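A.B. asks: Here it is, the structure in full.
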């Protein structure tokens, strides 16, 4: 990209669908169902998110703000790129500031897209995780039905 002269005027976003960090529970028994598995690791729900913005020349830095993959559309369209960007499926505006105290994670271990509805992966059962702030702190995690 540098050789082609487009690196400085390109926003680059790299995001994964799940993580693999070594974040494990001391007591997984507080979680229901399949979350009681002692091999369950919170790191699975801590995906990689890298952003290089336009004309960024400073060295890479970590940002500890709590973010999710749902923040990617706002990161991609934010700034002065688009006036009033919106979700193409719902028509609703992207809003990074709409997060409440915690987010709900609806895990789906069914990876076959045909078993889901187009752009929507369906949750497994009625058990969901909640997380807020630093994902590495066990007390920031919970569950609800």
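The values are calculated or read from the model by the stated rules, or taken from the named source; none is laboratory data. Quick caveat: nothing in here was measured; it's all calculated off a predicted structure. Note that we place each Cβ from the backbone using ideal geometry, even for glycine, and neighbour counts take in every protein chain shown.
A.B. asks: If you take the residues in the range 5-29 that are surrounded by 13 or more Cβ atoms within 10 Å (Cβ to Cβ) and modelled with pLDDT under 70, which one is farthest from residue 141 (Cα to Cα)?
C.D. replies: 21
A.B. asks: At pLDDT 80 or above and loosely packed, with under 10 Cβ neighbours inside 10 Å: which single residue out of 100, 92 fits that description? Don't jump to the end; show me each part of the working.
C.D. replies: Values: 100 fails: at pLDDT 80 or above.
Criteria check complete, one pass: 92.
A.B. asks: State which residue is modelled with the highest pLDDT when the search covers only the range 44-59 and only residues that are under 21 Å from residue 130 (Cα atoms) and out of contact with any strand residue (DSSP E or B) (no Cβ under 8 Å at 6 or more places or on another chain).
C.D. replies: Within the range 44-59, the subset under 21 Å from residue 130 (Cα atoms) is 44-49.
Filter once more, keeping what is out of contact with any strand residue (DSSP E or B) (no Cβ under 8 Å at 6 or more places or on another chain): 44, 46.
Details: 44: 72, 46: 75.
Taking the candidates together, the pick is 46.
A.B. asks: Among (1) modelled with pLDDT of 70 or more; (2) within 21 Å of residue 48 (Cβ to Cβ); (3) within 15 Å of the chain's Cα centre (by Cα), there is one condition residue 108 misses while meeting the rest; what is its number?
C.D. replies: For residue 108, the exception is condition (1).
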